[in-house]
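Below you'll find the structure, written out as structure tokens, and then a few comments.
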Amino acid sequence: MSFELLKKEIIDVGLCQGCGLCTGSCKHIEMEVLRPILKDYCILERDGQDCGKCYQSCPQVIQKKFKQKQPKAIYSLRSKNPEILTKAANGGVVTTLAKNLLDNQSLAKIIMVQDFNEKPQADIVTDPDEVVKKAGVVYGRSGVLEKLVEVVGETFEPIGIVGVPCEMRGAAELEEEMNREILKIGLFCNSQMQTEQTDKGIVCSPCCSGCPSGVNAQGYISLIRQGQYQDAVDLIRESNPLPSICGRICTNECEHGCTLIGDDHPVAIRELKKFVTEWEIEQAKKNSAKGKRNIKKGAKKVAIIGSGPAGLTAAYFLRRIGYAPTIFEKSDQTGGMLRFGVPQFRLPNYVLDYDVQNIQNSGVEIILNKPLGPEMTIEDLKNDGFEAIFIATGQYKLRTLHLEGEDLPNVHVAITFLMDRKYRYWENKEEFKGKTLGIIGGGPVAIDVAQTALRLGATKVHLVDIMTEGQLELVLKDIPENEIDYMQYHFTTSTSRITQNNEGKLMLNCYKIEWGTPDENGKRPLNKIEDSDYEIPIDSIVIAVGQAVDFDQIDVATDNKLEKERNKIKINEVTFETNIPGVFAGGDIINNSKAVAIAAIAHGKEAAISIDKFLKGEDLIAGRYKQDKMFFTGPKKSPKDYSPKPGNLEEATEEIQWSFEEIDQMFNEDMALKEARRCLSCNHFCSHCQDFPAIYSDLTAGEVGSQKGYTTVVVWTDKGKEIVESAIKNGLFEEGEVNEGELNKAINLKSKRELLTFEKTPRQQILDYITIQGQSTISDLAKQLDIEPKKVRYEALRLAQLMQIEMKVDPDMDEPLFTLICD
């Protein structure tokens, strides 16, 4: 049972959770980028010395079948410490208990995960104030058991540890082996166990949790690592029917929470998606086209208005569960803003066409040139047998700042500028030759405009935006280095008007601003800096400040009954239903929309769930909750690090004669496999483990079973109960109500999973065979177990030396007998 076996069965297949117990157990092992590695050699492999400590102590190897265990008590608690509550995910119980136990010297040291520059890291804490100061971190790979081994070996003072169930199991084994008393405070396995996926017993990795559509990135990266490319694409489509598109333009929020950040660059998840979907497209060219699936007679009809990402997704998932969705598209092409607003060099048409064709092949019908309006109203659709309707028409109405001079020649609005140059004038490669372009706005659409202008000959692009450089970091980092040199950003700058000088040159009249203090509603005023006015001479100007919803036709089609908020459709943010029963909406058209493709995909997916429930007469909201972070709001700040990309095309930039070919390169197979191997497969093992409530701890804490702002605490030992009761008595907590039904549901769901089984080592196979079948010879063992005789002899003799079996020599036999030792 060498390190090689641990590497083969645990580390290389993504089961290692980075607890560090193996590194604490063996001086020849160390952690490198959150994985155990040999720093020199394994004594079993080099010297033949019996060991196997790293393998035998691994919590993932010594997993145990879940046993129903009656808790001593269950509480719902909330800390009374306001400083702790500002950092706590829920009730702040663990932080409060840890601080209290150090304060009253019940513990001399406690090993727990602390926040070090927003990175979870195991620490040996002795100062009660440090517990609070570094609290609030999202739990991740941290090496807590490595630290525990270190502390156990150097002190006999009372110690404690905080960790997830598998770490508690490892701590309990260590406690027994070292004959030491260790206070074990467990955390519910994946305490955020309140999503549709986790209700099914599936535990998400951080990347999966960060994806608005819930794509299992860890799962498909693992399949890529194994060379199972088609399976990888199929897994993506379980949650996202537009994988090829997202491989190009997704905002890749999945990467922002990658566990590797702080130790290495995050995994390039979007690039791996791009690689594997492009592989599928190439395979499709070699194979015959798939036929369109037929819809069963009697399937209920659903109308989808708009063929953008939200509409396509809703139709796809509705078709999968047996409905007959029809998409009505007002234009002559599918894709919505993906088709008309995103330049070819970012999203080639063949990529969009491929994903749309797959959706059509699933049985979705698409009717072009059919707008919602007076010729096709909601009532018309209902009369035609459509029992539910999903509106996802996007935003196409031009939006400007109503500045003086917007009507001057050569002043454009972004959406028409992009659409015209993508489908009408893109062959005029010298339209802006030698000219300077000014853009009011600095977001993603403004960058699309700037890059398009450069490809049409512009020598300089000025971008004016009220945002700071830090606020636009996510936009700036996606601009290729060989292009940003031709763009000049004017941060924290506003435009007052557009004028024209005597020579016919346009002038952007600007001034610098500073952000004021937020008011009671959180809104920050923009204050002009005195004497900061200046002009930028420009040949052409593009206003890129977003679009608005055109309600003229929609109001006619809905008989003005659709409720709006801030000039967008108002919906129930859990179900996506409008105020009109049976009419749903999603994508950019709804209030508080995130306005990115992956969020629109998530809207369509969620709306399909609601429509299914509506048509079945079920409660639309039961068991669901509003998912703010994923569906409606963008990242609050830029990530600490960015994933490696395969570099941009190094075309000739000296003369700025760039083509409209795709700008980004992609991983080749070797690069993709190398990148996939960097993935730690976070929580892969958690999808098999049965222990949700950490039954090997003294007490366990998590949010399941309590109302928002409170923590559920399950006590398993008398020691744990004494600690909690004392803290309550001393006024550290206020108590709430426990929902034991919800808690038991989570426990039962996880306890029913199948345990992962590992292939037995030759030594274990020999011992098991002798235990079950009785005494045996080397020849018989080699034959029955299909193991080389030389290996059987070595392992049998080692078992005899370890006093696990005994060897008997009979003069009448050609070889010795091995049998169990009888007391």
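Numerical summary
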| item | result |
| --- | --- |
| Positive dipole terminus of the chain, leading residue within Thr771, Phe491, Leu145 (C-beta point charges) | Thr771 |
| Options Val724, Thr712, Asn739, ranked by Cα towards positive dipole end of region 705-744, top entry (Cβ charges) | Val724 |
| Whole-percent carbon and sulfur share, accessible surface of the chain, 1.4 Å | 47 percent |
| Charge dipole (the chain, unit charges on Cβ, about Cα centre) - positive-most of Ile611, Val162, Asn592 | Ile611 |
| Point-charge dipole on Cβ atoms (K/R +1, D/E -1) for region 104-157, about Cα centre, debye to 20 | 180 debye |
| Loop-resident sites, region 758-823, for trypsin sites (Lys or Arg not before Pro), counting at most 16 other Cβ within 10 Å (DSSP) | Lys760 |
| Mean accessible surface per residue for the chain, computed with a 1.4 Å probe while every protein chain stays in place, in Å² | 46 Å² |
| Dipole magnitude of the chain, debye to nearest 20 (Cβ charges: Lys/Arg +1, Asp/Glu -1, about Cα centre) | 1800 debye |
| Zero-based 5 Å bins, Cα pair distances in region 394-497, whole percents | 2, 12, 22, 25, 22, 13, 4, 0 |
| Sequence-separation-based contact order of the chain, relative, with Cα cut under 8 Å and 6+ spacing, percent | 17 percent |
| Structure-derived Cα Rg over 2.2 N^0.38 Å: which label, when the choices are [x] 0.99; [y] 1.85; [z] 1.11 | [z] |
| Cβ-placed point charges (K, R +1; D, E -1), dipole of region 243-370 about Cα centre in debye, nearest 20 | 960 debye |
| Selection of GluC sites (Glu not before Pro), region 376-436, meeting DSSP coil and at most 12 other Cβ within 10 Å | Glu427, Glu430 |
| Region 118-188-region 245-267 distance, computed between alpha-carbon centres (Å) | 29 Å |
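The values are calculated or read from the model by the stated rules, or taken from the named source; none is laboratory data. Since the model is a prediction, treat every value here as computed from it, not as a measurement. Quick reminder, even Gly has a Cβ in these numbers, built from the backbone with ideal geometry, and neighbours come from all protein chains shown. The area values use the complete protein model at the heavy-atom level, side chains included, leaving out ligands, DNA and RNA. Shrake-Rupley method; radii C 1.70, N 1.55, O 1.52, S 1.80 Å.
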